[in-house]
Each structure stands twice: as C-alpha cells, then as structure tokens.
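One structure is given below, encoded as structure tokens.
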Amino acid sequence: MLATYNQLFHNNKKWVQEKLMQDPEYFIKLGKGQSPDYLWIGCSDSRVPANEITGTQPGEMFVHRNIANMVVHSDMNLLSVLSYAVEVLKVKHIIVCGHYGCGGVIAAMGNKQYGLIDNWLRHIKDVYRLHQNELDAITDPAERAKRFVEVNVIEQVADLCKTTIVQNAWKKKQPLAVHGWVYDINDGLLKDLKVSVLNNEELHAVYQFETQ
Amino acid sequence: MEKSYLRLIEGNKKWAQEKLKQDPNFFKGLVMGQNPEYLWIGCSDSRVPANEITNTKSGEIFVHRNIANVVVHTDMNLLSVLYYAVEVLRVKHVIVCGHYGCGGVIASMSNKDNGFVNNWLRNIKEVYQKHSKELLAITDVKARENRLVELNVIEQVRNLGKTRIVQQAWKRGELQVHGWVYGFEDGLIKDLEVMMDEISDLEPIFRYEL
C-alpha cells in the first residue's frame, strides 16, 4: 500500500516530458492564467473524467465534481464555484453532465440506509418525487434508473437557472447557456438532453428574480 | 446561442473512437463498475485536471474539485464525496492537491471584496491567520503566496484527519492522507511530505474515541 501512490509521481513526470516535447513553452503559457469557456458540473465517479471524455486540454474547462452532479441551492461549495466561473471567468456554457449507472442515483431509488450520504441523496429523492408518475410507469428497473439519471440532470439545470448568479448574468446580457448532458459508460458517448436554457422566462414565476 | 459547446460533443466522439481503436473492450471494462485507489481533492481551476497531470485513466481516480481545494467540516458536498470514497469504494489514498498561482488563495491574502465568494475564502484567511508569523516573515509577495498555497494544503490534510470518516478508516489501518502541490512552471507535482495515517498525528482534542 505504501508505494502505490508513487506511481502517480512517475506518471506526472512522464506527462510533463510529453507535453514539453510537443511544445517547450507549454507550461509557461499555462502559467499566464486561465480563460475557460466552460464550467463542468459532473459526478465524482472515477469513470467520468471531464477533460478526457470531451477531448479538452488543461485551461479549457473549469470543473466541479460531486456525488451525482447535484446543484443544491444552499451548497456554499457549488455556489462559490458557480460565482467564480460566471462572475469572474465569465464562462459561456455551464454543462451539467450525469452518467448512466450512477451509484448515487441508483442508491436514491432504493430505501437502503447508507449513513451520512443519505442527507445528500435526499436531494435526488426529491427529484424522484417530482417525476414520480413518469418514473413509476417504467416497469424495467434498469430503464427506470436511466430515465432517473436524465431527469436528475434536467432538474439540476433548472436549479442552476434558479440562482441569482445565473439570472444576474442573463440580466447583464452576458452570453451564458446552461446545458444538460448524459454520458453513457457503455459506448463512451455524450448525449445532449436538449434542455439548454438561455434565459429565465421558462422558470416558474416564483423563481424569477427582479433586477437588483 | 454561442455554439462553442458543440466542440465538446465532437471531441467526445473522437475520443470514444480512439479508445475503441486502442481497446475494443475499453467501455465493457468500465461498465462493470469502479474500483479507484485514490480520492483527489483538487482545485476547480481549468489548468489542473486530475487525470491528465497524473497520467491516469478513466476508473483510477475519484474526483472532487472546488475553489482552492478546501475541506470544510460542515460541507455536506465534500463530506458526501469523502464518505462514499472511503466507506464504500475504500480508496487507499486521499490526495489534497493545491497549485501555485491559485486565484482563491491569492484573493484570500488581500482585503479585496469578492462578493459571494468571500464566505468560502474565509476558510483560507483562517489558515493565513494561523500561520501569520511565518507568512509575514516572507518579504517577497510571490514567495508568500506560494507558501500560503502550501500551508493551505497542509491544513486541509489536517481537516480531513479531523473527520470521523477518516479516523474510522485509520482504525482499520486502511488510509493515507497526502498533501501535494502542482506547479504550472514545470508541470510537476511536489509532495509536501505531510502524509497522515494515524490518529496520533492530530492534537488530542480532535481525536474521537471510536
């Protein structure tokens, strides 16, 4: 056990050598700052690395990853990331990316107790309740789990749009789109759920903030 | 709508094709489940992608990234990630990885009002206060920033050790918590050599009787 993490240092050195071979100025350029177009809100699952699966390079994507790609409106961790990405970096796209076979979503479908994490999974249970009619009508549990992953992403997209951070960017005419995608571990492909939002007009009136 | 996001979908198709060319069973192996050895707690900064800089593949590292790789003991987001990684996946190593030039750390050193993010950066101001003697003795601003980046990582390693989740894993003899820093100048990761793997590394007040 002691030595396994040394492999990562070895890998890191190899990666640096490769990058420098392609471009001797590579790290000097990176050191100058970041100007990413995208904020990625994805799952912590080790099989869903944001940059690899989108073919993007260091510097292109600001990343937050948590259990089951959740956007909780009182979560200071996510809100701080969102505020920095939208207000300081002025990203143009926010992508909520879920994935089929998500352990968090599957756990939230059941009634088993897991401990501390149950508090987090409760937010996903609330998504189930919102879409109960549709989900209960799907008899195959695997198909139901897949649809649950999708509606969870859709609700997180809506939760982003309900924040003052996103709505104020829209009010200022800052170009910002919020997208919902799902990654399929079966074939490695991303699926656009086509639920992109560009303004707050579709939101229920109670969530629409007035200009400050 | 600005269409630059379509590039990501295109990049994804290319990536999936390449993976299948290298190994037709690549995705079949992943579908079986994940069994990562590492939990990575790093910065959201776009220049510090966990897998690239450690040259690891899909399935190897469970990842949480937030502003300035901070571990806050009441943050249910981080705690849920930690719980799942340690209790369910049984990772062997938790790595807190900071990076020099971290915007969050630099902002915390100043008195600038950053609005909403102030609440989060307060955690780093407390690291500054705790180590103010050492930091104030460093006259070069850049060198002081760099040291605060390191001290911030060290305090987050300790914050992990103060959780019940980590202490229970220590009792099982199963977990090491590491503190690293990544530098843009050379792309290299530096081990701060502050690894913790037992409860006696902590001040007595933080030790739980488990």
### Message
Quick check on residue B:29: is it in contact with a helix residue (DSSP H, G or I) (Cβ under 7 Å, 6 or more places away or on another chain), part of a helix (DSSP H, G or I) and not β-branched (Val, Ile, Thr)?
### Response
no
### Query
Which of (1) among the hydrophobic types (A, V, I, L, M, F, W, C); (2) open to solvent by less than 50 Å² (accessible area, probe 1.4 Å); (3) touching a residue at least 40 places away in the same chain (Cβ under 8 Å) does residue B:210 not meet, given it meets every other one?
(2)
### Query
Which of the residues belonging to segment A:65-119 are charged (D, E, K, R) and either part of a helix (DSSP H, G or I) or facing another protein chain (nearest Cβ under 7 Å) (or both)?
A:65, A:75, A:87, A:92, A:118
### Query
So which residues in segment A:172-189 are more than 20 Å from residue A:158 (Cβ to Cβ), open to solvent by less than 30 Å² (accessible area, probe 1.4 Å) and in a strand (DSSP E or B), if there are any at all?
A:184
### Summary
The number of residues in segment A:120-146 that are of a type in the set (Lys, Arg) and in a loop (DSSP other than H, G, I, E, B) is 0
### Message
Cβ-Cβ distance below 8 Å, separation of 6 or more or different chains: which pairs start in segment A:19-37 with a residue that is free of Cβ contacts under 8 Å to residues at least 60 places away in the same chain and end on one that is open to solvent by 50 Å² or more (accessible area, probe 1.4 Å) and not aliphatic (A, V, I, L, M)?
### Response
A:23/A:29; A:27/B:185; A:27/B:186; A:28/B:185; A:31/B:185; A:37/A:92
### Query
Hey, does segment B:40-49 have a residue that's without any contact (Cβ under 8 Å) to a residue 12 or more places away in the chain, at the interface with chain A (Cβ under 9 Å from one of its Cβ atoms) and in contact with a strand residue (DSSP E or B) (Cβ under 8 Å, 6 or more places away or on another chain)?
yes
### Task
Give the residues of segment B:58-91 that are buried (at least 24 other Cβ atoms within 10 Å of the Cβ) and on the phi > 0 side of the Ramachandran plot, sorted by residue number.
B:68, B:69
### Query
From the residues in segment B:38-55 that are open to solvent by 10 Å² or more (accessible area, probe 1.4 Å) and assigned to a loop (DSSP other than H, G, I, E, B), which one is nearest to residue B:79 (Cα to Cα)?
B:47
### Query
Conditions: (1) touching a helix residue (DSSP H, G or I) at 6+ places or on another chain (Cβ under 7 Å); (2) open to solvent by less than 40 Å² (accessible area, probe 1.4 Å); (3) farther than 16 Å from residue B:57 by Cβ. Residue A:54 meets all but one. Number of the miss?
(3)
### Query
Does residue A:149 fit the bill of being touching a strand residue (DSSP E or B) at 6+ places or on another chain (Cβ under 7 Å) and either of a type in the set (D, E, K, R) or not in a helix (DSSP H, G or I) (or both)?
no
### Query
Mind checking whether some residue in segment A:156-166 is within 14 Å of residue A:105 (Cβ to Cβ) and either of a type in the set (A, V, I, L, M, F, W, C) or open to solvent by less than 50 Å² (accessible area, probe 1.4 Å) (or both)?
yes
### Task
Among the residues of segment B:2-37, write down those that are open to solvent by less than 60 Å² (accessible area, probe 1.4 Å), more than 7 Å from chain A (Cβ to nearest Cβ) and farther than 30 Å from residue B:94 by Cβ.
none
### Subset of segment A:6-37 (residues that are closer than 25 Å to residue B:67 by Cβ and either surrounded by fewer than 11 Cβ atoms within 10 Å (Cβ to Cβ) or facing chain B (nearest Cβ under 7 Å) (or both))
A:8, A:12, A:15, A:27, A:30, A:31, A:34, A:36, A:37
#### Entry: Index of the failed condition, residue A:211 passing every other in (1) within 22 Å of residue A:85 (Cα to Cα); (2) at pLDDT 95 or above; (3) open to solvent by 40 Å² or more (accessible area, probe 1.4 Å)
(2)
### Query
For residue A:142, are the conditions met, namely being of a type in the set (A, V, I, L, M, F, W, C), surrounded by fewer than 17 Cβ atoms within 10 Å (Cβ to Cβ), free of Cβ contacts under 8 Å to residues at least 60 places away in the same chain and within 14 Å of another protein chain (Cβ to nearest Cβ)?
yes
### Query
residue A:85 passes all but one of (1) open to solvent by less than 10 Å² (accessible area, probe 1.4 Å); (2) modelled with pLDDT under 95; which number fails?
(2)
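Quick one: how many residues across segment A:42-64 are assigned to a loop (DSSP other than H, G, I, E, B), under 12 Å from the mean Cα position of the chain (by Cα) and not hydroxyl-bearing (Ser, Thr, Tyr)?
3
The values are calculated or read from the model by the stated rules, or taken from the named source; none is laboratory data. Remember, predicted model here, so these are calculated numbers, not experimental data. When we count neighbours, we look across all protein chains shown, and the Cβ atoms used for this are built from the backbone with ideal geometry, even at glycine. SASA here: full protein model, heavy atoms, side chains in, ligands and nucleic acids out. Shrake-Rupley method; radii C 1.70, N 1.55, O 1.52, S 1.80 Å.
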